[in-house]
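Here is the structure we will look at, set down as structure tokens.
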Amino acid sequence: MTNELKKGLDGVLVAESALSDIDGDRGELFYRGYPIDVLASETTYEEVLYLLWNEDLPTEAELEAFQSEMREARAVQPGIYDQLELLADSGERPISALRSSVSMLSAEDPGTGSDPTDLEAARHMGRRISAKFPTVLAAFDRLRRGKSPVEPRTDLSLAANFLYMLTGSEPDPLHAEVFDKALTLHADHGLNASTFTAMVVGSTLADVYNSVTAAVAALSGPLHGGANQKVMSALLEIDEGPLPATEWTEDLLEGDERVPGWGHRVYNVLDPRAEILKSELRRISNQTEDCHWLEYLGDIETHLTEDVGLPERGVAPNVDFYSGAIYYQLGIPLDMFTAIFAMSRSTGWIGHVLEYQADNKLIRPRGRYVGPTEREFVPLEER
């Protein structure tokens, strides 16, 4: 047993996983051995979901059966909409409403209360959570805007169905395709804070609903989720202000503030997901003939790369730098961005819980005591 203190468990190995592998020095990300760029260009989010939960990509027959199960699980009971309306009326943030909704979804699932070591029961819960998250989020946003929820369809992909439920109109095929890629890129990323939280709760043999509830709560903190929202807020500030993007960035740096969407805890070079999303943002911008968000981001990246030299210092764009502008162009409200992250990352959370519980050991780290040494007790009347 070591006495070396590692604040934040930085660099501490706590588990083995076969789900995703990150090479921070080379800027590479793999899901079960497949490069992320190949998966983003050649598969759908549902295929990636199946891959993370089942160790390999599905055959056509396996994918069809899996999609059928997921699509049939999309609908929620009317009572869920009633509770979401209450949350909307109370002014809850989407990510907080999503956290509360996991508990509500648990209440409507007849499978809860089963043997915590029953892997198939856990998979069943995972399928229901991932299938219903888009329905819950879209309904919450519509309810807070005074609109009725749109019932899910079973003939659309998960990505297309979410955009449909959000707007009430079937999305442009390109928009659905780009959103699908974004979900794939966010599906898993090692033992980040929310994933580790899910694993800690899962290690107690709590069910998947409890594990995901805790993971959503972890993601709601500003040091984990929300960076893409900050990027888009910055772009809107630039768009409405007097300074060009490069001067706005200089003012930020001179104030010792961080540039949103730059730098990552595990990457020392360009986040591979950022490069993919940059291309996808360009596709949407070319289609709409509105490239000014892309131009702002390009100006910032060029300035920080060529003039400031940040990549040489180990700081480069991360996945959030371009995802916010994509979501904004898709018509998704800014405060929904973190909840969208959770919708996608639930895939990884569930996959890690399933994997860890298959060879479970209660996670129980220890802390170093730094309080006073043994003290003499003084009776109440003498204090």
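Nearest 0.05, what FRET efficiency do GLU42 and VAL14 give at R0 = 41 Å with Cβ-Cβ as r? If you can, show how the numbers build up before the last one.
Details: r = 32 Å, r/R0 = 0.79.
Working from the Cβ atoms, E equals 0.80.
Relative to the present Cα-Cα distance, how much length would full extension add between THR246 and ALA65 at 0.36 nm per residue of separation?
Numbers: separation 181, 0.36 × 181 = 65.16 nm, distance 5.05 nm.
Separation in residues times 0.36 nm, less the Cα-Cα distance, equals 60.1 nm.
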Report summary line: With every protein chain kept in place and a 1.4 Å probe, the chain has an accessible area per residue in Å² of 48 Å²
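Just in segment 80-113: which GluC sites (Glu not before Pro) are loop by DSSP and have at most 13 other Cβ atoms within 10 Å? Spell out each step's value before the answer.
Numbers: sites: GLU85, GLU92, GLU108; in loops: GLU92, GLU108.
Listed in order of number, the matching sites are GLU108.
Assuming a ≥ b ≥ c are the square roots of the Cα gyration tensor eigenvalues, decide whether segment 274-383 counts as rounded (a/c under 1.5), prolate (otherwise, with a/b larger than b/c) or oblate.
Values: a/c = 2.78, a/b = 2.04, b/c = 1.36.
Prolate shape, in that a/c is at least 1.5 and a/b is the bigger ratio.
What do you reckon, how do LEU304, LEU191, LEU334 stack up by accessible area (1.4 Å probe), largest on top? The partial results should precede the final answer.
Values: LEU304 0, LEU191 75, LEU334 40 Å².
In descending accessible area the options line up as LEU191, LEU334, LEU304.
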Report summary line: With VAL212 itself left out, Lys, Arg at +1 and Asp, Glu at -1 over residues whose Cβ is under 13 Å from its Cβ give +3
Report summary line: Which of ARG128, ARG345, ARG283 fluctuates most in a GNM of the chain (C-alpha springs under 10 Å)? That residue is ARG283
Query raised in the report: Cα gyration tensor of segment 61-167, axes a ≥ b ≥ c as square roots of the eigenvalues: rounded (a/c below 1.5), prolate (a/b > b/c) or oblate?
Result: oblate
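At 24 Å minimum axial length over the Cα atoms and a Kyte-Doolittle cut of 0.0, report the qualifying DSSP H helices in the chain, or say none.
Qualifying helices: 337-357.
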Query raised in the report: What does the helix-only formula give at 222 nm for the chain: each DSSP H stretch with n ≥ 4 adding -39500 (n - 2.57), the total divided by the residues, and the result rounded to the nearest 500 deg cm²/dmol?
Result: -17500 deg cm²/dmol
**Report entry** Most to least packed among 325-331, 221-227, 355-361 [average Cβ atoms within 10 Å]
**Finding:** 325-331, 221-227, 355-361
Query raised in the report: In the chain, carbon and sulfur make up what percent of the accessible area (probe 1.4 Å)?
Result: 49 percent
Report summary line: Counting sequence-distant residues (5 or more places) and residues on other chains, those with an amide H built under 5 Å from that of GLU28 are ASP23
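Report the charge-dipole magnitude of the chain in Debye, nearest 20, computed about the Cα centre from +1 at each Lys and Arg Cβ and -1 at each Asp and Glu Cβ.
Details: 33 positive and 64 negative charges, 236 e Å.
Using only the charged Cβ atoms, the result is roughly 1140 debye.
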Report task. Identify all aspartates and glutamates with a Cα-Cα distance to LYS181 below 13 Å; exclude those on the same chain that are fewer than 8 residues away in sequence. Result -> ASP37, GLU42, GLU46, GLU47, GLU275, GLU280
Requested in this report: Compute the distance in nm between two label points, each set 7 Å from the Cα along the Cα-to-Cβ direction, one at ASP115 and one at HIS292.
Outcome: 6.2 nm
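Tell me whether segment 327-371 comes out rounded, prolate or oblate; compute the Cα gyration tensor, take square roots of the eigenvalues as a ≥ b ≥ c, and use a/c under 1.5 as the rounded threshold.
In terms of gyration-tensor shape, oblate.
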Query raised in the report: Which label marks the calculated value of Rg and Dmax of the Cα atoms in Å, given the options [x] 22.1, 79; [y] 21.5, 66; [z] 23.2, 70?
Result: [x]
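Given the pairs LYS7/LYS361; LYS7/LYS132; LYS132/LYS361; LYS230/LYS361; LYS6/LYS278, which span a C-alpha to C-alpha distance of over 32 angstrom in this model? Could the numbers behind the result be given before it?
Numbers: LYS7/LYS361 22 Å; LYS7/LYS132 36 Å; LYS132/LYS361 30 Å; LYS230/LYS361 38 Å; LYS6/LYS278 35 Å.
Flagged as over cut-off: LYS7/LYS132; LYS230/LYS361; LYS6/LYS278.
The values are calculated or read from the model by the stated rules, or taken from the named source; none is laboratory data. Just so it is clear, the structure is predicted and the values come from calculations on it, not from any experiment. Using ideal geometry, Cβ is built from the backbone for each residue, glycine included, and neighbour counts are taken over all protein chains shown. To get the accessible areas, we keep the full protein, side chains included, count just its heavy atoms, and leave off ligands, DNA and RNA. Shrake-Rupley method; radii C 1.70, N 1.55, O 1.52, S 1.80 Å.
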